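Asks: Please see the structure below; I have some questions.
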Amino acid sequence: MSLLALVLFAPWFAILGWVYWAFPKSHAQTPARRRFDLIALSLAVVLSAVAMHWAYSIEFEGTGPLWPQVIATLAGYHAFLIVLIVAFFMRRSRYGNTPDNA
């Protein structure tokens, strides 16, 4: 039950992952960059699942049964976005803005 949010967010994570993978088009599309992107996306999914599982296990006294799912969803979504944002800036500093045809 703790990973229900991961299943429900899979389409949105796929869209965000595609945007991260495809843009910006001005960067060189080297095999090293593709490996970096693949590692970043994999790490984002894994850390999102870990964050969801961890957040679901937190005890909230005086709340209904829906709140663990809400908190797990928020934690997983934030973990996914944080990893992609950090990876975006690392990729930009590591691979620069070298165009493909340069």
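Asks: What do you get when you divide the Cα radius of gyration of the chain by 2.2 N^0.38 Å, with N the number of residues?
Replies: 1.29
Asks: Given the DSSP H assignment, sum -39500 (n - 2.57) over each helix run of at least 4 residues in the chain and divide by its residue total; what's the result at 222 nm in deg cm²/dmol, nearest 500?
Replies: -25500 deg cm²/dmol
Where a number appears in this text, it was derived from the coordinates with a stated rule and is not lab data. Just so you know, these numbers come straight off a predicted model, no measurement behind them.
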